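The values are calculated or read from the model by the stated rules, or taken from the named source; none is laboratory data. On a predicted model such as this, the values are computed, not experimentally measured, just so you know. Cβ atoms come from the backbone with ideal geometry, glycine included; neighbour counts cover every protein chain shown.
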Ligand code: 13P
Ligand code: SF4
């Protein structure tokens, strides 16, 4: 349990941002809960000296890039996204040499060093919009090959080159075509919302391809009463909380991101008290990565 009086006191100089996959106690304690894009937008408008970021490494790095004069804290350094580790900066430099003139668009699920090598960042919410806005036809896109497939499917005039060729999220590749078909048979009226980190065979069965926050928005706006949710199960809590009259079926109960769940009420409260796990970025790398992030924020409006 998170002590409410303690939380209130700590929030005087610290804003708490949390991703949609966080456990319910953390979501309820946070000032703002959202997807990667909305968390960046919120982080860009912080007016307190401290930010406690409840999410994985690349998200906290984005908040730090956007707030070089503030202190960004993590409940634990262990909350790391394995997909971000699939695209080190060196691989991007090699790909740029191989494809001169191509634009480099990096999914936000990458480390600052990698994003410093990119022209623009994107998230699952705006990847198609960002690539569409570029004048270059040839695009180096990484690290998620499934998101790259989603972009290529929507923008057939562009040449999308995934780097690496096989980057993936361990959680979202658990979903298979059969899972969707089984759920659809059990809940024929349900709308199917799928995250673009899922494999093409799963994306092809979706009614809507959505970021996590777009799923929440779609569920609110839709006349449907039931939804099959193809993403990490942590989102179900927010969907149910914000849509009391509607029913949500996780596509697969075991689709849990253990990295996101490294944040617990215990390390959350400890960090609020001790303020020792600071996100540190090299100044030059941070400036270059921030330019890529700023371009995304401008292009996505
Ligand atoms: P969203 O930006 O859609 O919340 O996705 C983040 C993520 O890590 C998905 O696995
Ligand atoms: Fe990374 Fe996948 Fe976890 Fe998202 S769900 S943080 S992409 S491992």
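A few points about this structure:
- Residues being out of contact with any strand residue (DSSP E or B) (no Cβ under 8 Å at 6 or more places or on another chain) and either closer than 11 Å to residue 16 by Cβ or without any contact (Cβ under 8 Å) to a residue 40 or more places away in the chain (or both) - total across the range 26-38: 1
- For the range 30-46, the tally of residues that are farther than 15 Å from residue 293 by Cα and more than 8 Å from ligand 1 (Cβ to nearest atom) stands at 5.
- Number of positions in the range 5-33 that are within 16 Å of ligand 2 (Cβ to nearest atom) and either surrounded by fewer than 23 Cβ atoms within 10 Å (Cβ to Cβ) or at pLDDT below 95 (or both): 2
Conditions tested, residue by residue: (1) within 20 Å of residue 22 (Cα to Cα); (2) within 16 Å of ligand 2 (Cβ to nearest atom).
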residue	(1), (2)
170	yes, yes
174	yes, yes
185	no, no
188	no, no
204	no, no
212	yes, yes
215	yes, yes
219	yes, no
225	no, no
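- Some residue of the range 94-103 being touching a helix residue (DSSP H, G or I) at 6+ places or on another chain (Cβ under 6 Å) and buried (at least 16 other Cβ atoms within 10 Å of the Cβ): no
- Residue count, the range 39-60 (criterion: within 16 Å of ligand 2 (Cβ to nearest atom) and touching a strand residue (DSSP E or B) at 6+ places or on another chain (Cβ under 8 Å)): 7
- Options 255, 221; residue that is modelled with pLDDT of 95 or more and surrounded by fewer than 18 Cβ atoms within 10 Å (Cβ to Cβ): 221
- Selection count where residues are buried (at least 22 other Cβ atoms within 10 Å of the Cβ) and farther than 20 Å from residue 215 by Cβ, scope the range 114-144: 13
- In the range 193-208, the qualifying residues are those that are away from ligand 1 (no atom under 16 Å from the Cβ) and in contact with a helix residue (DSSP H, G or I) (Cβ under 7 Å, 6 or more places away or on another chain), and the one that is farthest from residue 141 (Cα to Cα) is 205.
- Exclusive hit being at pLDDT 95 or above, farther than 24 Å from residue 256 by Cβ, under 16 Å from the mean Cα position of the chain (by Cα) and buried (at least 18 other Cβ atoms within 10 Å of the Cβ), set 64, 60, 79: 64
- Complete set of residues in the range 67-113 that are closer than 23 Å to residue 294 by Cβ and without any contact (Cβ under 8 Å) to a residue 24 or more places away in the chain: 69
- Residues satisfying the stated conditions in the range 180-199, i.e. within 19 Å of the chain's Cα centre (by Cα) and outside any strand (DSSP E or B): 195, 196, 197, 198, 199
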